[in-house]
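Below is one structure, written out as C-alpha cells; comments come after it.
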Amino acid sequence: MVKLKFRDIIIIVMAKVICITNQKGGVGKTTTSVNLAYFLAKDKKRVLLVDLDPQGNATSGLGVDKDGLEESMTEVMLGITEFAKVIQETNFKNFDLAPTTPQLANAEVEMAGMKQKFGMLKRGIESVKDNYDFVIIDSPPSLSLLTVNGMIAADYLILPVQTEFYALEGVAQLLESMTMVKKAMNPRLKLLGVLATMYDKRTSLSAEVLAEVKKYFKEKVFKATIPRNVRVAEAPSHGVPVGAYDKFSKGAKAYKDFAREVEERTGER
C-alpha cells in the first residue's frame, strides 16, 4: 500500500496481486515470475514474490537453499505460521521472497480436509500486502488446490504461452476455471494478459503459433515476446534473474519491456 498526500487528502493505493499460471509445464512460468518481480523492483516498486509451486524453482532460482528453510509457504498454507514470518529479503533492493520447499506438495493433500482451504493464501497476502506495490504469485503447473488459492488471492492473472506445438492445449480449461473462481469466490479477478515465451524468430513455427495466440486472445497478448535465449536459461543456475546475470541480453531486454507493460496495464506507470 502506498499513501499519497495532497494537502489534507490521503489517497491509498493498494498492492496489485498477480498470479502467473498455466497448467502446462515448461512454458516459462517461473522464469517469468522471477524476472517480472525483478524488473518491477528495479523500477522502484516494492515487490513480493510468492513461490507457490512445490518444485520451489523460484526459491532456488534466487539463490535460496530450500534445505535450510525452517519455515516456508508449507507452514503458511497449513495455518501453522504467519505469512510475514516466512518472508525474506533477496539480494535485490525492493524485492522480497516467500520461499517454498517440496513439502508443499504434501501440505496440499492435508489442505483438502481443511474448512478454510480455499482462502489460506488470500488471508496470508492480505496481512502483508500493505507493504508492497506488487505481489507476484508463481503457481504450480496444474489446476490444483494451490492454483485455485492463487486465483482467489489475485487481482490479475498472467498466462505465459510457449510459441510451440500444443501452445493452447489446456488453455480453455484454465480460462473456465478462472471464470468459475471469478463468479464464486473472487469477482475482481481479471486476465491481465498473455505472454508469448520461447519465441524463435528464425522459425516459421514460432511466427505461426504467435499469430494463432493473437487470433485467440487478441488485445490481451502483450507486445513483448520472450525469446529463446541462453542467458535466460543460464541465470537460475547462478541464483539470479536474467537482468542481474546479463542485463544486455535479449532475454533481459524482453522481460524489462514486459514489466513496463504490466505497470501500464495495472495503472502503475
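A few comments on the model shown:
- Positive minus negative residues near THR179 (Lys, Arg vs Asp, Glu; Cβ under 14 Å): +3
- Above 24 Å, the calculated P(r) of the range 117-269 contains 40 percent of its Cα-Cα pairs.
- When each of the peptides 74-86, 179-191 is scored by the mean number of other C-beta atoms lying within 10 Å of its residues, the order from highest to lowest reads 74-86, 179-191.
- Springs between Cα atoms under 10 Å define the GNM used for the chain, and in it the highest mean-square fluctuation of SER33, SER139, SER206 occurs at SER206.
- Whole-percent P(r), the chain, all Cα pairs, 5 Å bins from 0: 1, 6, 13, 18, 20, 18, 12, 7, 3, 1, 0, 0.
- Too-long pairs where the Cα-Cα distance tops 18 Å, listed order kept, from LYS129/LYS247; LYS220/LYS247; LYS42/LYS253; LYS190/LYS218; LYS45/LYS129: LYS129/LYS247; LYS220/LYS247
- Local electrostatic count, PRO227, Cβ distance below 12 Å [Lys/Arg +1, Asp/Glu -1]: +4
- Positive-end extreme of charge dipole, the range 116-199 - chosen from VAL171, SER142, VAL128 (charges on Cβ): VAL128
- Here the chain is treated with +1 on each Lys and Arg Cβ and -1 on each Asp and Glu Cβ, and its dipole about the Cα centre works out to around 1140 debye.
- Spin-label model, ALA112 to HIS238: label points 7 Å out along the Cα-to-beta-carbon direction sit 4.2 nm apart.
- Share of pairwise Cα-Cα distances greater than 24 Å in the range 1-152 is 28 percent (whole percent).
- Peptides 141-147, 193-199, 167-173 ordered by packing proxy, namely the average of other Cβ atoms within 10 Å per residue, highest first: 193-199, 141-147, 167-173.
- Inter-part distance where the range 66-131 and the range 183-237 are each reduced to a Cα centre, Å: 28
- Per-bin percent of Cα-Cα distances, the range 65-173 [5 Å]: 2, 10, 20, 23, 19, 13, 8, 4, 0
- Order of MET111, MET73 - criterion: other Cβ atoms within 10 Å of each residue's Cβ, fewest first: MET111, MET73
- Leading residue at positive end of dipole, the chain (Cβ point charges), from ALA196, LEU69, PRO241: ALA196
- In order along the range 204-219, phi translates into HN-Hα couplings of 6, 4, 4, 5, 5, 5, 4, 4, 5, 5, 5, 5, 6, 9, 6, 5 Hz, rounded to whole numbers, per the Karplus curve 6.51 cos²θ - 1.76 cosθ + 1.60 with θ = phi - 60° and x for Gly and Pro.
- For the range 26-145, a crude dipole built from +1 on the beta carbon of Lys and Arg and -1 on the beta carbon of Asp and Glu, taken about the Cα centre, is about 440 debye to the nearest 20.
- Each helix, a run of at least 4 DSSP H residues, gives -39500 (n - 2.57); summed and divided by the residues of the chain, these come to -10500 deg cm²/dmol at 222 nm.
- Phi-based couplings in Hz for the range 28-39 (Karplus 6.51, -1.76, 1.60; Gly and Pro marked x): x, 5, 5, 4, 5, 4, 5, 6, 5, 4, 4, 6
The numbers here are math on the coordinates, done by the rules we state, and not lab data. Worth saying up front: this structure is predicted, and the values here are computed from it rather than measured. We place every Cβ from the backbone using ideal geometry, glycine too, and count neighbours over all the protein chains shown.
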